[in-house]
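Written out below as structure tokens is the structure these notes cover.
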Amino acid sequence: LSFLILPNQTAFVKDRLLVENTVLAGELVNGYHKNKGPKRITIKVDIAKAFDSVSWEFLFNCLEGLLLPQEYIGWLKAVSVLLTSP
């Protein structure tokens, strides 16, 4: 599985700390309130119920608002269908 796990992944990996994600998230959003630089978005999803409760339509609208390539959004839509299928 090592070829699937990126060096910066911290959750659910032995000898890595999930709290590192908290620090990283703080660094990423620091300065988001400033009106300079590209458009950006932060989305927090509870991993325990993420796929049961996330509003995929809202998420895709946000991604389109950020002008992400339609190809990328299409991939995410395809994955979301697989994740939410019974």
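Rule-based calculations on the coordinates, nothing more; no lab input. Just so you know, these numbers come straight off a predicted model, no measurement behind them. Neighbour counts run over all protein chains shown; Cβ positions are idealised from the backbone, glycine included.
Observations
- Projected label distance in nm at Leu67 and Leu17, using a 7 Å step from Cα toward the beta-carbon: 3.9
- From phi via Karplus (6.51, -1.76, 1.60), per-residue ³J(HN,Hα) for the range 64-72 in Hz, x at Gly/Pro: 5, x, 7, 6, 5, x, 4, 4, 5
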